[in-house]
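The values are calculated or read from the model by the stated rules, or taken from the named source; none is laboratory data. What you see is a predicted model; the values in this text were computed from it and never measured. So basically every Cβ, Gly included, is an ideal-geometry build from the backbone, and we count neighbours across all protein chains shown.
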Amino acid sequence: MVLKIFFPQCCNKADSGLLVGRWIPGQNSAVVLAVIHYPFIPGQVKQYIHQMRGQSGVDLTVLGSWSMPKEGQEGMESFLRDLSTIFPQGQWLQLSREMGKIGFRCHVLTRDPNGKLIQQEKELKEDGGGEKGGTKRGGGEKKGEENKVEGEEGGGEKDKVIFIHYEQRKVMLSQLHPIDNGVPDPQTESQLPQLLLLQVFGTVCQSEPLFFLDKYDDGPVKMTHWQSEGREGSIIVELMKQASTPVCLLTTWMLTLWTSLCSSRILNMRPMRFISSKLSTCVQLSYRTEHLQTVCSPTRATAHNHFMRKANIFVSFFVDVSLGLLLVSWMYRENRIGKLANTLVPAADYVAKELEELLQWLMGAPAGLKMNRALDQVLGRFFLYHIHLWISYIHLMSPFVEMILWYVGLSACLGLTFALSLLSDITALLTFHIYCFYVYGARLYCMTVYGLSSLWRLFRGKKWNVLRQRVDSCSYDLDQLFIGTLLFTILLFLLPTTALYYLVFTLLRLVVVMFQGVLHLSVDFINSFPLFAMGLRLFRSYRLAEGVKFRVLCEEPGTPLHLMMDINPLKVSSVVQTYRTPTYSCYPKDSWLALCKKLFLGELIYPWRHKTTKID
Amino acid sequence: MGADSGSGAAPGPAVSWRKVLWERQPFPDNYVDRRFLEELRRNEGLRQYRYWAVVQEAGLVAQQISCVALFLTLWLYMEQGLLSPSTLLWTGLLCALLGYGLYQALAPRGDSDNHHRTRWSDLQSASIFLSFTFGFSPVLRTLTESVCTDTVYAMTALMLLAHLVAFPYAHPSPPGSLSLNAALFASVCLASRLPGDLHTSGGLDSSSSPSSLHTFTMLCWALLVFALWPCLLQRLRDCAPWVFGCVCVLVGVCGVGGLGSLWPGGAVLLAALLGTVTLLCPLLLIRLQSDKDNIQGPWDEAEIREDLTHFLH
């Protein structure tokens, strides 16, 4: 078995001392987290390690000893060997560097059943980690008490050792995203490295309390780790952390008020609920409320996913609101909103006039098609009357349009998504008559098609067997046959007319639906795109890791390998996929084929479907 | 490919081949012996037709063709304005009543209770027919307005042909769906092509639309000729077969005569067609029977002839 030792780069030049870290069970590996320097009192060291174990939850132990030779420090070897008696371990690592050499040396001592330590490995020279060995000269070291019986027996298995160097700060901040290959089975070969990496990353991440002591502290022990030069901190971050708690509490209280108002009895009656589930503004409002509740919850996010989600929501909300404010400031300058309101009624008039002309064209002989004149006239007059009603209604509303639009436009301050949802709702309201026409035309056509198909079966003397879901022969009565044939003839000759009306209104409806769909898709995009995760990926790519890559630092025959572990950042597409905020995503409900079939049969289509939200 | 040679060497006459399944024989599996072709039967189900019987059956086909011709004649009369629709309507009603009376008179002896119930349902059916037809007439008369006349004629011809082909000649009484429907479709097409009254035609239309009465009359006659007449015919055939033959001849003569009054060439054609169908085709059938050469043998698929009479006891 190969022994893998993960060694932090910051400790390459550390003074001699004890290695603190963790053995990873089952993987024959060890992660070195820090080096405790002389002078130390073993009792205090043990106490400190015990304290750290409790704080971090990581199974910290003393792994072994580290010796960086300095002038005037001979005899360290035996001293270090004696240390192994104080800290009873299963295996004891003795890493050493030599003056003027790049290499590390590693001796592994194991306890035999008698409790004696056996040197397991012959001395092997390994090359060091890519830097010239600069030795540090530290102060004097005290020798601790050591009393140890050491049985040195040569031989034992010749274990291979691999040193894997890692950058401690990056690994601590990074989050590993394992690729799921189905059921994780610790026994399979391919899963072992992944599990090992997970454990390594997890260990370093959880040992954060270990890294709080820097060299300026007056602690019981002196350590070297990535933060030992001085703790990182920034005033802005600290201030924001202090300010965030009362802000969060205030926002949570306001949100609770708002949700209790929304769920009051008046607003929960059937018609109001139906309308509010159809208007996309209300849906977006409820959605944003939910988001804010997630973000402003006073509890700190512990899991990485939770933290990322909060951060994503916060950033996208922030971007949304700023874009909305920008839009509002642009629109309200120079009274553009007034101008918009003034063009709204003429636009509706124009649409109605165009529709009237279209209907007049249909009532004639459109494109030379053979229309049944009577039915044509009936349908055309019916729709024209509807348009007339609609125009009267719009004209009735026209004095109030500007004021309504002015106030409603202010709600775009809440975000660009609200402005887009508003636009979608206004479009829906203005083209309501097109929707009505479409429904009438579709229902008529659908009835015609179903009648025709059923009567065609009667024509041939067959019938649909509902129980067996197939077509069976049937002997009809005389009057059934007679009336059936009459109706079949009538429906057949009226089919071109109804089909044409249906076609025209379906096309109009599809245009409106496409426009609304584009708006909804963009709202959805703004809602769900993980901006924070994307920013992290671009600027701090080591924080989202897909895996690691190993670089060989130095390899010489007869020496174990030294590898440098570099973090492999997550692919951009995986970032988007993993961190997408789940929304009521707007997706096309049917495939193209199903849509065409529905159009052909005259069933009503609602091409965009929302996934169920909590309001429904 | 003689029957004697099997696919392998047959052993000597010491062992004879038996047609059994369970015994292991020294012959290959596909061996057939000399008696194979002796079981061949030729023209087993051949029926001996008698000429006049076939002629009588063919009379029904001829009768149906002349019915169609009669219907077309009526339509032609109405189209050329030689007959007014009201006259035709009353005639039709009269014929219907007569026919119904005859139908009931020829009914087999049953209980009068059955008769009463049938009469009531017949009255119901009749009222449904009349009301629906009258209700739909205004719709039907402008139905094919925008369709070209040639298309309408083509559709009519096709539908009438389908009617003739699909007609249940063996048993006309429950009317076949396809034949009746095709005939009604054709009559609707024709009905919408009738010229209208001078009172009802609009001044600006190039084609005058028929009035509702024309359409109603046309449809009533279609119903009479295609739906109700076969029922009466079936009754006649069941009760008085010799009358049936006379009726067929009568109908044929009327058809030819009616067509002849308007279109003599057509009458000649119709007469020729009827003659062919009635007289020539049975002759052909009987002559061609001698050319039949069906072979049956033990290699045919087994036919399960179920004798269900033993279930009756």
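Here are the numbers for this structure:
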| item | result |
| --- | --- |
| Test for B:SER84: is it away from chain A (no Cβ under 13 Å), surrounded by 14 or more Cβ atoms within 10 Å (Cβ to Cβ) and either more than 23 Å from A:ARG373 (Cβ to Cβ) or out of contact with any Leu (no Cβ under 7 Å at 6 or more places or on another chain) (or both) | yes |
| Members of segment B:151-175 that are within 26 Å of B:TYR103 (Cβ to Cβ), assigned to a helix (DSSP H, G or I) and within 12 Å of another protein chain (Cβ to nearest Cβ) | B:HIS163, B:ALA166 |
| Hits in segment A:483-503 (condition: facing chain B (nearest Cβ under 8 Å), surrounded by 22 or more Cβ atoms within 10 Å (Cβ to Cβ) and among the β-branched types (Val, Ile, Thr)) | A:THR485, A:THR489 |
| Segment A:433-454, residues that are within 46 Å of the chain's Cα centre (by Cα) and within 30 Å of B:VAL225 (Cβ to Cβ) | none |
| Failed criterion for A:CYS11 (all others in (1) at pLDDT 85 or above; (2) within 36 Å of the chain's Cα centre (by Cα) hold) | (1) |
| Long-range neighbours under 9 Å by Cβ, at least six apart or interchain, first residue on the phi < 0 side of the Ramachandran plot and buried (at least 17 other Cβ atoms within 10 Å of the Cβ) within segment B:43-63, second basic (Lys, Arg) and modelled with pLDDT of 85 or more | B:LEU60/B:ARG237 |
| Of residues in segment B:112-150 being at the interface with chain A (Cβ under 10 Å from one of its Cβ atoms) and among the aromatic types (Phe, Trp, Tyr), the one farthest from A:LYS370 (Cα to Cα) | B:PHE129 |
| Qualifying position, being away from chain B (no Cβ under 14 Å), surrounded by fewer than 19 Cβ atoms within 10 Å (Cβ to Cβ) and closer than 30 Å to A:ALA374 by Cβ, among A:LEU510, A:LEU444 | A:LEU510 |
| Within segment A:218-269, tally of residues that are more than 30 Å from A:SER67 (Cα to Cα) and of a type in the set (Lys, Arg) | 2 |
| Residue list for segment A:455-502, restricted to those being under 54 Å from the mean Cα position of the chain (by Cα) and among the hydroxyl-bearing types (Ser, Thr, Tyr) | A:THR497, A:THR498, A:TYR501, A:TYR502 |
| Positions within segment A:25-41 being touching a helix residue (DSSP H, G or I) at 6+ places or on another chain (Cβ under 8 Å), farther than 20 Å from A:MET68 by Cβ and at pLDDT below 85, in sequence order | A:GLN27 |
| Subset tally (residues that are acidic (Asp, Glu), away from chain B (no Cβ under 14 Å) and either touching a strand residue (DSSP E or B) at 6+ places or on another chain (Cβ under 9 Å) or surrounded by 14 or more Cβ atoms within 10 Å (Cβ to Cβ) (or both)) for segment A:354-383 | 1 |
| Selection within segment A:190-225 - at pLDDT 80 or above and in a loop (DSSP other than H, G, I, E, B) | A:SER207, A:HIS225 |
| For A:PHE550: the one exception among (1) surrounded by 15 or more Cβ atoms within 10 Å (Cβ to Cβ); (2) farther than 30 Å from A:HIS306 by Cβ; (3) in contact (Cβ under 8 Å) with a residue 40 or more places away in the chain; (4) not aliphatic (A, V, I, L, M) | (1) |
| From A:ARG336, A:ARG309, A:ARG288, residue being charged (D, E, K, R), surrounded by 12 or more Cβ atoms within 10 Å (Cβ to Cβ) and over 24 Å from the mean Cα position of the chain (by Cα) | A:ARG336 |
| Members of segment B:259-313 that are part of a helix (DSSP H, G or I), hydrophobic (A, V, I, L, M, F, W, C) and in contact (Cβ under 8 Å) with a residue 24 or more places away in the chain | B:LEU259, B:LEU262, B:LEU270, B:LEU273, B:LEU274, B:VAL277, B:LEU279, B:CYS281, B:LEU283, B:LEU285, B:ILE286 |
| Odd one out for A:LYS370 among (1) in a helix (DSSP H, G or I); (2) over 28 Å from A:LEU423 (Cβ atoms); (3) of a type in the set (Lys, Arg) | (1) |
| Unique match (being surrounded by 13 or more Cβ atoms within 10 Å (Cβ to Cβ), of a type in the set (A, V, I, L, M) and in contact with a Cys (Cβ under 7 Å, 6 or more places away or on another chain)) among A:VAL328, A:VAL351, A:VAL408, A:VAL345 | A:VAL328 |
| Residue identified as aliphatic (A, V, I, L, M), crowded, with 21+ Cβ neighbours inside 10 Å and farther than 30 Å from B:PRO230 by Cβ among A:LEU570, A:LEU538 | A:LEU570 |
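Yes or no, residue by residue, for (1) at pLDDT below 85; (2) farther than 25 Å from A:LEU410 by Cα; (3) outside any helix (DSSP H, G or I):
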site: A:LEU249; (1), (2), (3): no, yes, no
site: A:GLN284; (1), (2), (3): yes, no, no
site: A:HIS291; (1), (2), (3): yes, no, no
site: A:ARG309; (1), (2), (3): no, yes, no
site: A:VAL315; (1), (2), (3): no, no, no
site: A:MET331; (1), (2), (3): yes, no, no
site: A:ALA341; (1), (2), (3): yes, no, no
